[in-house]
Structure formats: C-alpha cells, structure tokens
Amino acid sequence: EQSPVLSLEDPLRDKARQISTFTVRNINSIICQTACNKKHAVGRMRLIETILDISRLSFSMFQQSPHESESLDFCALLLESWSTLWNITDEQASNCDKFVENGGLELYHETYLVCSQVRTDEQTVAFSITTLIRNMLGLMGNIAEVPHIRPQLLQDDIIYSFYVLRNYDRPYENVWDLIEIRYSAAGILSNICSDGPDNWTVSRVSYQDVLDGIEESVDGWNIESKRSINYKSFNPILHILRVQCPYQCKLWAVWALTNLCHCKPARFVPMLRRDGGVELLNKLQADKNCPDNVRSSAPTPSARLTIQT
C-alpha cells in the first residue's frame, strides 16, 4: 500500500510538497509531546511507512538538483520527515524494527551518498544538508541502541559513513549541528563496537580502526560544547558502562554524560542520579586498569552530584 502522496500527478506535486511539509511538521510536534510509552502505538498506525514514502518522494526530487537553492523546498520536507522518524523511534524498539523492515537503512545510505557529494557555495543549501545529516544520524543512533537490530548496521557502506561522519566538517555549518553529527556518529559506532570484535563483519574498515577513530574524535572534542540534543533517560548511554567492552566505547559514554551534566546540570544531574549513573562513573574512576583519558573525564558529573541537593 502506497502513501496517497506518491500517486499524485506531477502538476500537483508542488502543492502536495507544501501540504506535506506542513502536515509532517505538525505530526512531529504532536509526537514530541507524546509520552514514550505511547509512541509504540504510532507504529501500528502505518505512520512510519507513510513518512518513509514521503521521504522517498522528496528525496527523488531533491537529488535531481541538490546543489541549487530550488531544492530547498524538497530538503525542508526531508528535514521534517527524518526529524519525525527520529522522534518516533526514540527508545522504541518496535518502531525501529518497522523503520528497518520498510527500507529505512537503504534510504539512509542513498540520502547520505547524495548529501556527501554536494559541493555548493550556496550557504542555505549547505546549512540544510548539514541539518539533514544531523537528523538522519539522530535516528540511526536510535537504531544502534537496539541490540537485535545492530547486526543489520554491519554493512560496509553504512559503517564507513559513520566512520567518516565522526569527523564531519563542512563550510557554513551550524556549530551545534556539527558537534551533534560527530557525537551521534561516534555514539553509533560505540554501541556497535560494544558487542565485541567477534560480531564484526565489515571489511571496508577494521574493528580496531573504528575504535581508534572513536578515541581520536572524542579526545578532540571540547567538553564544554553547547548541545541542542535532549535525553529522556541516560539508560542508552549507561548501557555501555554496564557491559564489558573496549575502553574507547566507554570514553564516548563518559564524555557524553560529563558534557550534558556540565551544560545543563539542573536537568541532567538529577537524571544521572535517577538512572544509576553516579555509581557507574565512580566505579569506572576507581578502576586502575581503565585508561587515564577515560578516568579523567568521569569526576565532573560525580563531583556535581556531591554538592547538588
């Protein structure tokens, strides 16, 4: 079954695009206000399939002239669509399943390839592409948090895209989008690598090279970087600290917790306490076998908790 948008004749597509952008934006707004335990119901409404259909339509139009300002309307619809899918899949394994089952990974790769090849002096286009990549990686981060789906991410081209995006840089970038892209790419790789080398089936880049890349990237980030991302729970990050996995994965997790608690202590320090993160960070800091760059990042959230009432 196809979305009605896809059956429209070409003369009506401009109008459909305007209606779709407005509609998807409103749907996204509603989903943002929906409790996590209710979002699974969205998956039963075929909304994920419909948004993916809208994304494919807008992508097919966008890729015809991605360098030009005339593509911005299609890019705007792509931005809204991926942002909506990002929110629908947040800590919702069943919705992540539906995204993958309906060709979401293939759409991600196709869209990434076009975005990575765009070279433009048009500032608005470059800015929109950066924001689009941020939204796509936010969603892929949700996918990577689901253990039974992670093996499906172990495809050469998909893993390599994350490996490249951990050092993403583009003229005219929004500074917040820049750190979110790098953070999400390294986080996806950290989740995947936390499953261990025995599960690694990628040949384009080795497991060790990915681990080295995570460490290189995280060590270069400013711990005081301002963030535009939000979390309802730290459990997806704390999972990495709870399991036996390479220290590079834990380095990303510790940086994430420290940065968020530094930037928004009133919101995130209580969340860290609630989710059991303080004990995990203290245990990590006391582990003499843990590398210094991981242990030295851990005290900040713990120290904040000792003085916060």
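The values are calculated or read from the model by the stated rules, or taken from the named source; none is laboratory data. The structure presented is a predicted model; accordingly, all values stated were derived computationally and were not measured. Virtual Cβ from ideal backbone geometry, glycine too; neighbours counted across all protein chains shown. When the accessible area is computed, the model is the full protein with side chains, heavy atoms only, and any ligands, DNA or RNA have been set aside. Shrake-Rupley method; radii C 1.70, N 1.55, O 1.52, S 1.80 Å.
Some observations on this one:
- Karplus-derived 3J(HN,Hα) values for segment 203-209, using 6.51 cos²θ - 1.76 cosθ + 1.60 with θ = phi - 60°, are 10, 5, 9, 7, 4, 5, 4 Hz; glycine and proline are entered as x.
- For Leu165, the solvent-accessible surface with a 1.4 Å probe is about 0 Å², rounded to the nearest 10.
- Surrounding net charge for Asn289, when Lys and Arg each add one and Asp and Glu each subtract one, Cβ distance under 14 Å: +2
- If you look at the Cα atoms of segment 129-227, you get an Rg and a Dmax of 13.0, 40 Å.
- Counting charges near Glu145 (Lys, Arg +1; Asp, Glu -1) among other residues having Cβ under 15 Å from its Cβ returns a value of -1.
- A probe of 1.4 angstrom, applied to the heavy atoms of all protein chains, finds Cys249 with accessible area near 0 square angstrom.
- The calculated FRET efficiency for Glu101 paired with Asn199, based on their beta-carbon distance and R0 = 22 Å, is about 0.55.
- For Phe22, solvent-accessible area (1.4 Å; no DNA, RNA or ligand), Å²: 130
- Counting Lys and Arg as +1 and Asp and Glu as -1 over every other residue whose Cβ lies under 12 Å from the Cβ of Gly103, the net charge comes to -3.
- Net lengthening on full extension, Asp156/Ser206 (0.36 nm per residue, minus Cα-Cα): 17.0 nm
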